[in-house]
Amino acid sequence: MEQTDQLILDTAQRLFADHCGADVVNAAESGVAPVRLLTALLEAGLPLAWVPENAGGVGGSLALGFNLIRQSAGFALAAPLAETLVANRVLAESGLEVAESWTVLVFDGGVLPMLAGGKISGLVESAPMHAGVTRLVVPVSDQGAIRIATFAPDDVEIDYRESLAGESRAQVQLSESVPLALSSAVDGMSEHGLMQFCALVRACQIAGAMEKMNELTVAYVKERQQFGRALGKFQAIQHKVADIAGESALANAAVEQAARELSEHSRPFSGSADTLLSIATAKVVASEAAGTVSRLAHQCHGAMGFSYEYPLQQYSRRIWSWREEYGSEFYWSERIGLAVADELKHSAPGQNDGRVWDIVSR
Amino acid sequence: MSETIRFNFPAPVIDDSVDRLRKEVRAFLQAEIRNGGFQPVTDCWCSGIDPAFSRKLGQRGWLGVTWPKEYGGQELSALHRYVITEELLVAGAPVHAHWIADRQSGPLILATGTEEMKRTLLPRIAAGECFVALGLSEPESGSDLASVRTRAHKVEDGWELTGTKLWSSGAQICQYMTVLARTSERDDKKRHEGLTQFLVPLDSPGVSVRGIRDMSGVEHFNESHFENVFVPEDAVLGAVGAGWKQITSELALERSGPERLLSTFVVLEKAFLQAVATMSGHQAAVMGGMLARTRALRAMSLGVAALLEQGQYPEVEASLVKDLGTRFEQDIIERLREFWPIQLKQSFGDELHYLLADSLLRQPSFTLRGGTNEVLKGIIARGMGLR
Ligand SMILES: Cc1cc2nc3c(=O)[nH]c(=O)nc-3n(C[C@H](O)[C@H](O)[C@H](O)COP(=O)(O)OP(=O)(O)OC[C@H]3O[C@@H](n4cnc5c(N)ncnc54)[C@H](O)[C@@H]3O)c2cc1C
C-alpha cells in the first residue's frame, strides 16, 4: 500500500475510535448529531480522500477508499463518509467541482433521463441521504451517455426515510429541476458501472461490520459465564463462532479481490464485463453472510445482544439494510448466471467444454 | 491472539509461466477426454484410480513439480502445483493413485526422509510410478488420532510394527504407507508424545491389505494389518517421538488446497452447459450464486497459498477454507437437485445425471476425510482464543 494510503487509514482509525463510540452511534440515531465526529472528519479532509489531487482532493488510491469504507463500517460510523466519498469521486470523474461538505449520490440503480434544456424530472425511490448534505449528485442519461448534475437540497423534494439501522435514506422527486451544475458526458461511466461501484461499496461495508461482529462475539463469549464456565468453552458456541469467522473471512476474501480488480481497471465506472464477476461475487457472498453472521452472533449473545444499549444491533441492522441495497445476493447471482450463460451461447458449438471454469477462474 | 480478528487473503503472484502451465494442462486434458483417455468422474481425487494416467502426468513433468531437480522435481512454485491440481480436478481426471504422494508424502519425505529415500523414491513418485498411502486412522482412533494403538518396538537394526490401520485410501495400489505408530508408552498427561512416523513398504512380510467397499460401490479405502512387520532403522521419518508434530503440520498444509472446494465442480460445469439454452432467471440466480461462492472460496484458498509462500503458518485460515469449501461441495449437489432430481443410479447415457448420482453417493465423505469439520471448527475456535 502506498504511504499516503496508510497515513490516511491510520488517521481515520484514530478519529473513528476517538469520536464514534457505541454511545455516539446510538445517540445519533435518536437525533443527537455527532458534531465532534462530523467536524473532525471534515477537518481531516477524509471526505476528499478519494478525489485526485488535481481536482482538489487528497489523491488516495481506489483501493484506499474501499479500505477506508470497510474500516468505517467497523465503527458503525454515524456519518455519511462512504456516501460522500463516492459522490465526490463521481464529481471528480465528471470534471465538476467537488463538494466542500457532506454530499450524496442520488442513485438507487437507475438513472433519470435528461429533458430538453438540461432540466431533470423523475423519482429516485431510495437514495442515501443525510440531514447535513449541502449537495446532491445526480447521474442522468443523455443520448446514451451519463452526465452528472448537482442540486442544492432545496431545489428538489426530499421525502426522508430511515434504513433499518436509522441511517438516512430518502425518496427524491425532481420536477423539471434545473441543476446548479451539469457536466458534459462522462467518459467511461455507465449506469451499470455506477451500480457495480456502489454494490462493492456496500459489500465492503458489510465485510467491515461483520469483522466487528466477530470481534464482539469472541469477546462476549470469553467474558460471559454460565454453568460455571465461559460460554466460549461450550463446543456448541465454539462452532457458531467458527461459522461466523468463516463467513466473515469469505466475504473479506471476495471483497478484497473485487477491490483489487476494480482498482486496477482503467475505467472503474464503466460497468465492464471484466469486473462484473468479481464485484457480483463480493456482493453475493457478503449479502449471504450478512444473514448467517447476524443470526449466529445474536444467538451467541443471548438477550444482551437484543438490547439497544449493547452495540451488536447497530451492526446487524446495518448489514440487513446494506445487503439489499444496490442489488441483493439474489439479484447479483442472477446477473452472474445470465452473464455466464450468455458467454457460453456465443462461443462456437463444441467449444464449451470447461468454459465455465475458464470464466470462473479468470 | 490479537484483539482484532481480521482475516486477510493476499493476492497470489500469478506470472505468465503459471498461466502458460495452466493452459498446457488444460489442453492436454481436453485432448485426453476427446481421445477417450479418461471419462470425467466426480470427486476424482478420491474416486478415480488409474495408475497409467498418473504415469502420463509424471512423464509430462506434472508431479512433484515443487521438488528439487536432483530428486525428480521441477523446482517450480507452489502456485504452479496449485494450477495443475485445479485443472485436474475440474476436468474430473482420475488422479487418486498419485494424489497423496504428490501432495503429502513426497514433501514429507523431502523434509524428514534420509538421503537414500529421497534419491530412490522421490524421482519415482514424480514419474507417477510410486504411490503412497496414509496410515493414520485405526479402528479405535479417528478424530482422536493421538490415541493410535499401532506399536513399533525397537529391535536390532530397526523396528517391528504391529497394529491395524483403517480407511487408507488407495492402499491397494500403493507400494508404501506412512504409518503413525506409538514408540513409547502412552502417558495421559502427554498424549501427543511418543508417536513416530514410519515409511513402510507394503510388500514387507507381515503386511496384509484388504479393500473396503464404500457406499458408492467403489473399493477405494482399505484396512491394513501389520503383524510384527520389520522395518530398518532408516524407515523412521523425522525424529523418533516427533510424529505428532509432523502430521499436524502436514495436515494443516493439505487443508486449504483446491480439492477442498472443487470435488464436485465438474458437475456444476456440466449442469451449466446443459442449462444454457433454457436458463430462466431463477435458475440463473441459483447457479450464478454457486459460481460466486466458488470464486470467493477460490480467492480464499489462493490467499492461503500466498500466505504459505510468504512463510506464514495460516492454520486457522486453512481450516476455514476446508470447513466452508467441503460443505459447499455438498451444497452444489443439493441445490442442483431442484433442476435435476437425483433418483436413479443408472443414467441411460446421460453423463450429467450419472455425475450427480455419484456425487450424492460420495458426498458424506467430503466433510469427514482429512479431519472432520467438527475438528476443524475446534481448531478455528482455539485460534480465536476460546480453547
Ligand atoms: C473417503 C475417506 C477417505 C479416508 N482416507 C483416509 C486415509 O487415507 N488415511 C487415513 O488414515 N484415514 C482416512 N480416512 C479416515 C478419516 O481421517 C476419518 O474418517 C476422520 O478422521 C474421522 O474419524 P472417524 O471416521 O473415526 O470418526 P469419529 O472420530 O468417530 O467421529 C464421528 C463423528 O463424531 C464427531 N466428533 C468426534 N470427536 C468429536 C469432538 N471432540 N467434538 C465434536 N465432535 C466430535 C466427528 O466430527 C464426526 O462427526 C478417510 C475417510 C474417508 C471418509
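The values are calculated or read from the model by the stated rules, or taken from the named source; none is laboratory data. This is a predicted model, so every value here is computed, not measured. Every residue, glycine as well, gets a Cβ built from its backbone with ideal geometry; the counts of neighbours run over all protein chains shown.
Exactly one of these conditions fails for B:Gly371: (1) away from every other protein chain (no Cβ under 13 Å); (2) within 16 Å of the ligand (Cβ to nearest atom); (3) in a helix (DSSP H, G or I); (4) crowded, with 21+ Cβ neighbours inside 10 Å. Give me its number.
It fails just one condition, (3).
Please work out if A:Glu256 is surrounded by 20 or more Cβ atoms within 10 Å (Cβ to Cβ), among the charged types (D, E, K, R) and either under 23 Å from B:Val321 (Cβ atoms) or more than 8 Å from every other protein chain (Cβ to nearest Cβ) (or both).
Criteria met by A:Glu256.
So which residues in the stretch A:35-78 are in contact with a Gly (Cβ under 8 Å, 6 or more places away or on another chain) and not small (Gly, Ala, Ser), if there are any at all?
A:Leu38, A:Leu48, A:Trp50, A:Val51, A:Pro52, A:Glu53, A:Val58, A:Leu68, A:Ile69, A:Arg70, A:Gln71
Kindly evaluate B:Leu324 against the criterion of being in a helix (DSSP H, G or I) and either under 22 Å from B:Ser169 (Cα atoms) or within 14 Å of another protein chain (Cβ to nearest Cβ) (or both).
yes
State which residue pairs qualify: first residue on the phi > 0 side of the Ramachandran plot and in the same structural domain as B:Lys322 (by TED's automatic domain parsing) and inside the stretch B:355-369, second residue within 12 Å of the ligand (Cβ to nearest atom) and not charged (D, E, K, R) in any location, beta carbons under 7 Å apart, and separation of 6 or more residues or different chains.
So the pair list comes out empty.
Looking only at the stretch B:108-155, how many residues end up being more than 12 Å from the ligand (Cβ to nearest atom), in a loop (DSSP other than H, G, I, E, B) and free of Cβ contacts under 8 Å to residues at least 40 places away in the same chain?
Residues meeting the conditions: 1.
Within the stretch A:220-229, work out how many residues are more than 8 Å from chain B (Cβ to nearest Cβ) and at negative phi.
The number of residues fulfilling the criteria is 6.
Each row is one residue, and each column tells you yes or no for (1) at negative phi; (2) away from chain B (no Cβ under 14 Å); (3) surrounded by fewer than 16 Cβ atoms within 10 Å (Cβ to Cβ); (4) touching a helix residue (DSSP H, G or I) at 6+ places or on another chain (Cβ under 9 Å).
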position	(1), (2), (3), (4)
A:Ala289	yes, no, no, yes
A:Ser294	yes, yes, no, yes
A:Arg317	yes, yes, no, yes
A:Trp332	yes, no, no, yes
A:His346	yes, no, yes, no
A:Val356	yes, no, no, yes
A:Arg362	yes, no, yes, yes
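Counting only residues that are acidic (Asp, Glu) and at pLDDT below 95, how many does the stretch B:335-357 have?
2
From the list B:Glu227, B:Glu160, which residue is in contact (Cβ under 8 Å) with a residue 60 or more places away in the chain, surrounded by fewer than 14 Cβ atoms within 10 Å (Cβ to Cβ) and in a strand (DSSP E or B)?
B:Glu227
Considering only the stretch B:254-282, how many residues are within 7 Å of another protein chain (Cβ to nearest Cβ), without any contact (Cβ under 8 Å) to a residue 60 or more places away in the chain and not aliphatic (A, V, I, L, M)?
So the count comes out to 2.
Quick one: which residue in A:Leu123, A:Leu96 is part of a loop (DSSP other than H, G, I, E, B) and modelled with pLDDT of 95 or more?
One residue alone meets the criteria, A:Leu96.
Might you let me know whether the stretch B:156-166 holds any residue that is more than 9 Å from the ligand (Cβ to nearest atom), closer than 23 Å to B:Ala242 by Cα and aromatic (Phe, Trp, Tyr)?
Yes, there is a match, as at least one residue in the stretch B:156-166 is more than 9 Å from the ligand (Cβ to nearest atom), closer than 23 Å to B:Ala242 by Cα and aromatic (Phe, Trp, Tyr).
Read through the list (1) within 11 Å of chain A (Cβ to nearest Cβ); (2) within 16 Å of the ligand (Cβ to nearest atom), then give the number of the only condition that B:Arg362 fails.
Condition (1) is where B:Arg362 drops out.
Going by the structure shown, is B:Asp331 part of a helix (DSSP H, G or I), more than 16 Å from the ligand (Cβ to nearest atom) and not aliphatic (A, V, I, L, M)?
Against the criterion (part of a helix (DSSP H, G or I), more than 16 Å from the ligand (Cβ to nearest atom) and not aliphatic (A, V, I, L, M)), B:Asp331 qualifies.
Do we find that B:Ser105 is touching a residue at least 40 places away in the same chain (Cβ under 8 Å) and within 16 Å of the ligand (Cβ to nearest atom) in this structure?
Answer is yes for this residue.
If the requirement is being free of Cβ contacts under 8 Å to residues at least 24 places away in the same chain, assigned to a helix (DSSP H, G or I), within 23 Å of A:Cys20 (Cβ to Cβ) and within 11 Å of another protein chain (Cβ to nearest Cβ), which of these qualifies: A:Glu215, A:Glu211?
Just one listed residue meets the conditions, A:Glu215.
For residues that are within 22 Å of A:Glu325 (Cα to Cα), part of a strand (DSSP E or B) and charged (D, E, K, R), scanning just the stretch A:153-184, find the one that is nearest to the chain's Cα centre (by Cα).
A:Arg169
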